[in-house]
1. Evaluate E = 1/(1 + (r/R0)^6) for ASP177 and SER17, where r is the Cβ-Cβ distance and R0 equals 41 Å; express this FRET efficiency to the nearest 0.05.
2. Not counting ligands, DNA or RNA, and with a 1.4 Å probe, what is SER83's accessible surface area in Å² rounded to the nearest 10?
3. Return the FRET efficiency for the residue pair ARG98, VAL256: r is the Cβ-Cβ distance, R0 is 41 Å, and the value is rounded to the nearest 0.05.
4. Would you tally the net charge around LEU95, using a Cβ to Cβ cut-off of less than 14 Å, leaving LEU95 out, and scoring K and R as +1, D and E as -1?
5. Report the longest stretch of the chain that contains none of the trypsin sites (Lys or Arg not before Pro) sitting in a DSSP loop with at most 12 other Cβ atoms within 10 Å.
6. Considering the dipole of the chain built from charges on the beta carbon (Lys and Arg +1, Asp and Glu -1) around the Cα centre, which of VAL226, VAL148, VAL256 is farthest to its positive end?
7. Could you check what % of the DSSP bridge pairs in region 1-156 are antiparallel, to the nearest 5?
8. Under a Cβ-only charge scheme (Lys and Arg +1, Asp and Glu -1), can you give me the dipole magnitude of the chain about the Cα centre, in debye to the nearest 20?
Amino acid sequence: MRRPQLAGQVADVALPSDLDPQRLPAHVAVIMDGNGRWARQRGLPRVMGHRRGVETLKATLRRCSDWGIAALTAYAFSTENWSRPGDEVAFLMALFERVLARELEGLDREGVRIRFLGDLEALPEGLQTLIAQATARTAANEGIRFNVCTNYGGRRELVHAARELARQVQQGLLSPDAIDETRFAEALHTAGEPDPDLLIRTSGEYRLSNFLLWQLAYAELHITDVLWPDFGPEALAEALRDYQRRQRRFGGVEPVLS
Ligand code: IPE
Ligand code: IPE
Ligand code: MG
């Protein structure tokens, strides 16, 4: 999918010329971290960082799409984030709902296929309804695949998959010996989505925080000190440059060309 460039628009639509379009990650995952610190540095309430973070996500999605990346998976709310103060959690839920309602039409028009990954039943009902609408409305779109991990936890996802497979075995639909890596992956929220090639984490934290524990087995990791609300075109280009400098060997001896 290509958005027509508006006349006079000074946009970063083109892939920076030092990046090789043939060697881009097909799937980028991002842990959007540092919204709170971004706000604190400015003497603002934490939630202002979340508000700005949404704008960054929107711009990053567009950029990935324009630059030829096929899938973007973003960590928006973890199963552990419920432990934050109630007013911050409530603000985030309301923000997700407001933004999705506002952006859905544009996302659909731009050909984005949106999915929400996580334990969605624990989300406020209004948000669940919107998520169902957004998923259905964009399911047949052929542009960038955009996965938003909401009430997502890697461990919870694995337990959910194990339970699902056990149920199938109990019902006589599946033999335990038929459970292999492919079958297991199909029971995850990410079913049908190839594993991320590149994981970006902002705000300088060197941890996974329970994100995509299965799927990141062979991802290249890029950690930047940039706080998520400041993650602009140069920061994304730098992550892609870093990726293109890597040799992916997948346990072998020779680099595997992607
Ligand atoms: C990431 O930013 C957004 C969410 C987890 C929802 P944070 O809110 O974690 O920001 P910091 O880490 O406190 O700076
Ligand atoms: C990870 O960020 C979760 C999201 C970005 C949604 P956190 O800020 O929650 O992670 P920790 O607490 O630093 O591990
Ligand atoms: Mg954080």
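The values are calculated or read from the model by the stated rules, or taken from the named source; none is laboratory data. This is a predicted model, so every value here is computed, not measured. Here the Cβ is made from the backbone with ideal geometry for all residues, glycine too, and neighbour counts use every protein chain on show. Accessible surface areas use protein heavy atoms only, side chains included; no ligands, DNA or RNA. Shrake-Rupley method; radii C 1.70, N 1.55, O 1.52, S 1.80 Å.
1. 0.20
2. Here the accessible area works out near 100 Å².
3. 0.45
4. Around LEU95, the surrounding residues sum to +2.
5. Maximal segment without exposed cleavage sites: 43-206.
6. The residue sitting farthest along the positive end of the dipole is VAL226.
7. Around 0 percent antiparallel, to the nearest 5.
8. Dipole of the chain, to the nearest 20 debye: 460 debye.
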